[in-house]
Amino acid sequence: MLFKCVILYMSIEIIKGANDMPTENPTRATFMLFGGTGDLALRKLYPAIFNLYKKGSLSTHFALVGLSRKALTDEEFRAKIIESISSETDDKAQAEEFASHFYWKSHDVTNTDHYKELGKIADELDQKYETDGNRIFYVSMAPRFFGIVAKNLKEQGVLSTNGGFNRLVIEKPFGRDYASAKELNDELTSAFNENQIYRIDHYLGKETTQAIPVIRFGNPIIEAIWNQNYIKDVQITLAEKLGVEDRAGYYDTAGALRDMIQNHTLQIVSYLAMDEPNSFVDTEIRREKVKALESMEIYDADGVKQNFVRGQYGAGDGTPAYRDEPGVPHDSNNNTYAAGKIVFNNPRWGKTPFYIRSGKKLATKTGRIDIEFKKPIVDIFAKGTHQPAELKSNVLTLLIDPKIGITLEINTKNSAQGMHTETVDLSYLQSDARAAEVPLPYERLFHDILKGDGTYFASWPEVAAAWKYVDPVQKLWDTTQPDFPNYESGSMGPKAADELLARDGNSWYFPNK
Ligand code: NDP
Ligand code: BG6
């Protein structure tokens, strides 16, 4: 009888395992969220935490203290939480139960006394919810506050000292150049160790980014040809249809190079370019990513002129030019588009360029990676007697957004009489039903923070290498006058970005394929 029960239990577990997230012990923790009523917290962070709660990665042993200067009661804060998660559940009782774990504290991050009070609240919540003293500090505020929060948490005694973990989560942007990033990092590391710091890059929480190592290292047929001998060029496109929206205050001081290239794009580059890690653990993966990033050739001013292109959108599609957007100065020289050619000084990639581009107000919203392979050295079909078409490059595409998927273009024979070649797509596109089950990026990232897994967070050496790479580009752009606007809203960016590839005899695969 006992044997039968065990078998039945095992079968249920196997069935569950096929549909659910991996079964793991729920983590106990107290969250302290700085910027608790901010846009990001309300739109993304609370729904992400709720989904983890719903799926069992958080048990009843958790509490969250929301923090900002506002004076709110716990009830008022909980009402905001219920509103914030309303798109994730129709179960009122569950939403209320979840929200009952939330507490509000009016807190000015520059006031040291407020941290002392926070420390007491954290102790009480540790006891009440039996969180084993585990603490997660999430700083979702303007970047100028990142350092001061870390310092005060340590100096005013808010860190757990009874064996629980202390984890610090930092939103973007992480600095605006290498010097400011280093200064920030020095501030953070005077209070927390590198392995306690989780630098958010939400592109690392996306399904396709996380799939890159599996697609590469889990498939010998792919990894065997993942080098300059077989790959002609790699193209990464992170295109947005939206413009600056209501973020001119931040965006006009950042631009596409800082906002999308230094972080998201170069993180994707590092996954595509890295060598195989010894094992799939964060320390090993980060080591290989850093090696890849550090082997990108850093350009001097001439190199930047030849290999990078900037753009700013003009009017188009019935919408205003960037310079006429609310909050943007009429003479702004900010880049809303950036493209570049990355060259690696390493044996794997020596002669293969990585072309990258990202911009706002482009023709379509898409995140994609197109890998163009070399054609056969000798095209025997071109020498045939059957009027063949020319063979095309094989192209492997990894779709990030809005569709998730993989496609591979290969040459085959056309079914008509005679030897004519044609190109067909082998394609896997995630179904809408499956895509709806994919956890949102912030949900995945919270899950990893709870588990203490830094794989999908940017380590300091990666961030440093990325800034060292983009700094000379930004410097040249800051000191030379652009001819803006140079692309129409609704187009695919400036002509100069097409010329960048044309000089190498290449062209953007998307949308011209
Ligand atoms: P918001 O401006 O919406 O929120 C900022 C929060 O900080 C508010 O809750 C504000 O509350 C609080 N705050 C400001 N000054 C103080 C202070 N002295 N002491 C305590 N609290 C203070 O910002 P977002 O939510 O948009 O952005 C937060 C972070 O997330 C930023 O680093 C941003 O770059 C990043 N981010 C945001 C994204 C988004 O979509 N919003 C996307 C990607 C990253 P109060 O005024 O009550 O003090
Ligand atoms: C953010 C940038 O990091 O990424 C925004 O600050 C940009 O400017 C956004 O719009 C794009 O993210 P996604 O996930 O919509 O491609």
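The values are calculated or read from the model by the stated rules, or taken from the named source; none is laboratory data. Note that the structure is a prediction, hence the values are computed from the model and not measured. A quick note on method: Cβ atoms are made from the backbone with ideal geometry, for glycine too, and the neighbour counts reach across all protein chains shown. These accessible areas exclude ligands, DNA and RNA; they are computed on the full protein's heavy atoms, side chains included. Shrake-Rupley method; radii C 1.70, N 1.55, O 1.52, S 1.80 Å.
Expressed to the nearest 5 percent, the antiparallel share of DSSP beta bridges inside the chain is 55 percent. The overall shape of the stretch 398-484, judged from the alpha-carbon gyration tensor, is oblate: a/c is not under 1.5, and a/b is no greater than b/c. Take every pair of alpha-carbon atoms less than 8 Å apart whose residues are at least six positions apart; their mean separation over the length of the stretch 28-171 yields a relative contact order of 32 percent. For the chain, the fraction of C-alpha pairs more than 40 angstrom apart is 29%. For the stretch 28-171, carbon and sulfur atoms together expose 47% of the accessible surface, with a 1.4 angstrom probe and every protein chain in place.
Here the stretch 97-134 and the stretch 216-256 have alpha carbon centers that stand 40 Å from each other. Within the stretch 247-280, the chymotrypsin sites (Phe, Trp or Tyr not before Pro) that combine a DSSP coil assignment with at most 14 other C-beta atoms in a 10 angstrom radius are Phe280. Residues whose amide H comes within less than 5 Å of that of Lys232, counting only those at least five positions distant or on another chain, are Glu372, Phe373, Lys374 (H built at 1.01 Å from N in the peptide plane). Of all lysines in the structure, those lying under 17 Å Cα to Cα from Lys451, and not within fewer than 8 positions of it along the same chain, are Lys54, Lys55. Here the label points at Leu426 and Glu183, each 7 Å from Cα along the C-beta direction, are separated by 5.2 nm in the simple model. Highest mean first, the peptides 110-120, 65-75 sorted by other C-beta atoms within 10 Å per residue fall in the order 65-75, 110-120. Working ranking of peptides 183-193, 301-311 by packing, defined as the average number of other Cβ atoms within 10 Å per residue, highest first, is 301-311, 183-193. For the residue pairs Lys206/Lys495; Lys182/Lys291; Lys360/Lys475; Lys413/Lys513, the alpha carbons lie more than 23 Å apart in Lys206/Lys495.
Given +1 at the Cβ of Lys and Arg, -1 at the Cβ of Asp and Glu and no other charges, the dipole of the chain around its Cα centre is 740 debye to the nearest 20. In the full protein context, the chain carries 46 Å² of accessible surface per residue, based on a 1.4 Å probe and ignoring ligands, DNA and RNA.
Proximity of backbone amide H atoms, modeled 1.01 Å from N, is registered between Gly454 and Asp282 at under 5 Å, excluding neighbours fewer than 5 places apart on the same chain.
How about the stretch 262-306: which GluC sites (Glu not before Pro) there are in a DSSP loop, with at most 14 other Cβ atoms within 10 Å of their Cβ?
Details: sites: Glu284, Glu288, Glu294, Glu297; in loops: Glu297.
In loop regions of the stretch 262-306 (DSSP not H, G, I, E or B), the sparsely surrounded GluC sites (Glu not before Pro) are Glu297.
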